[in-house]
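Please read the structure below before turning to the comments.
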Amino acid sequence: MDLAAERRTLGGLLEARGVSRGRRWLLAGLSLAIAAGIWMPSTHRVFRPDLEGWLGGGIAPRARALAARHLELWTDPALREREVARMRVSNAEWDFMGRTFLVLALANMALHEPSRAKEYLAPMDRIIDETLALESSRGLYFFLMDYARSAPFVRRPARSLFVDGEIALMLASRRMVEEKDAYRALLRERATVILESLEAGPFLCAESYPDECWMFCNAAALAALKLQDSLDGTDHGTFFRKWLDLAGSRLVDPRTGILVSSFSLDGGVRDGPEGSTIWTVCHFLSLVAPAFAEDQYRRARKELGRDVLGFGYALEWPRSWTGPMDVDSGPIVPLVGASAGSSGQALLGAATFGDREYLSALLTTLGFAAMPVESRGALRFCASNQVGDAVMLYALVQGPLWRKAAEVRRP
């Protein structure tokens, strides 16, 4: 008997027994609810990853497959051009950030596997050199969103800490793997500009956009200065302590204790605690102020982290703060409030602070919702893009670079 005939027979049987149409719908709904109650708590088991495949000692197989996709993008110009064009339509920043996170990931991979360091250094140099060339030829605004032109920067000459900080991170992380004389002077010059910009601000923070400071960019800049300390014997410790005193007392949300995400140069809050900012801020600050960073992570985990029936995700804002859906947050899933941007960066936070339970839940959701595709040993996620995948790769291989940087050397 086919399915339609079965339905007609069942419907006829219920009708013959005097069961009304409304009651039949109720019985059907109850049946579905019971089935969901039985199967939903177990659904996550189908997608739960083997953590060793993602985070095993060294570079795990899934991380290696994800890296293969990125290296393919930097060896196939046509493929890369299509991917960059797709990102820049939405956000020019993504092109730039994808470079930063990939360089950071490759630096960690080189430190994981010193015997293969040359394989990772070559694409790092290619990325850095192209980025510097684009900055030089296309100017300050090439990697910024269009609204950067809507007003002048407060500090003159105009500089974006977003650009300066992440270029410094790339230069420094490359040198942490192997010294390169050409990059030593470039890092020193960039670090000098960064420190001058930070010290000129009343809150020791600098603009990424006109009169707009982002905690993400300031934390990245601090991490770059810390890497310089390790490389060149400089000492920014006094500045770091002053920055933490100000940020910890004046730039946190009073209801959650979480660092705000954006603010004016004089400290006026624009955007409060934001998931697509705080997780990576915690990671960058873990190099500069480990205890403070871990406290921020625990607060973010409490306010923003979710694990429902084995599926992990992250909110964009705590319940005490209402913010807009924007290009950073990505689409917000109705009812549950899951943010793609926050959930992706939560992977980096969880990996940084060894939160394996949450990390496993996040990877479970990744396997379920992000549509992973593997071809010829290269892994990508159809629901993501190059910068999203680069953050995931960095989350899976991070560790050696920060550990090496923590061992400050003196000349």
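Bear in mind that the values in this text are calculations on the coordinates, not laboratory data. Note that the coordinates shown come from a computational prediction; the quantities given were computed from them, not determined experimentally. Don't worry about glycine lacking a Cβ; one is built from the backbone with ideal geometry, like all the others, and counts go over all protein chains shown.
Could you line up THR238, THR280, THR256 from fewest to most neighbouring Cβ atoms inside 10 Å?
Values: THR238 8, THR280 24, THR256 21.
Starting with the residue having the fewest Cβ neighbours, the order is THR238, THR256, THR280.
Kirkwood hydrodynamic radius (Cα pairs, Å) of the stretch 252-364? Could the numbers behind the result be given before it?
Values: mean 1/r = 0.0719 Å⁻¹.
It works out to 13.9 Å.
What is the stretch 252-364's relative contact order, in percent, from Cα pairs under 8 angstrom and six or more apart in sequence?
Working: 183 pairs, mean separation 29.7, N = 113.
Answer for the stretch 252-364 is 26 percent.
In nm², what is the average projected area of the convex hull enclosing the Cα atoms of the stretch 155-250?
Working: hull surface 23.4 nm².
Convex hull of Cα atoms, orientation-averaged projection: 5.8 nm².
Tell me the Rg and the Dmax, in Å, that the Cα atoms of the stretch 114-187 produce.
Values for the stretch 114-187 (Cα only, Rg and Dmax): 14.7, 49 Å.
Ranking ILE332, ILE278 by Cβ neighbours within 10 Å, fewest first, what do you get?
So the residues, fewest neighbours to most, are ILE332, ILE278.
Along each principal axis of its Cα atoms, how long is the stretch 194-291 end to end? Whole angstroms, biggest number first, please.
38, 27, 21
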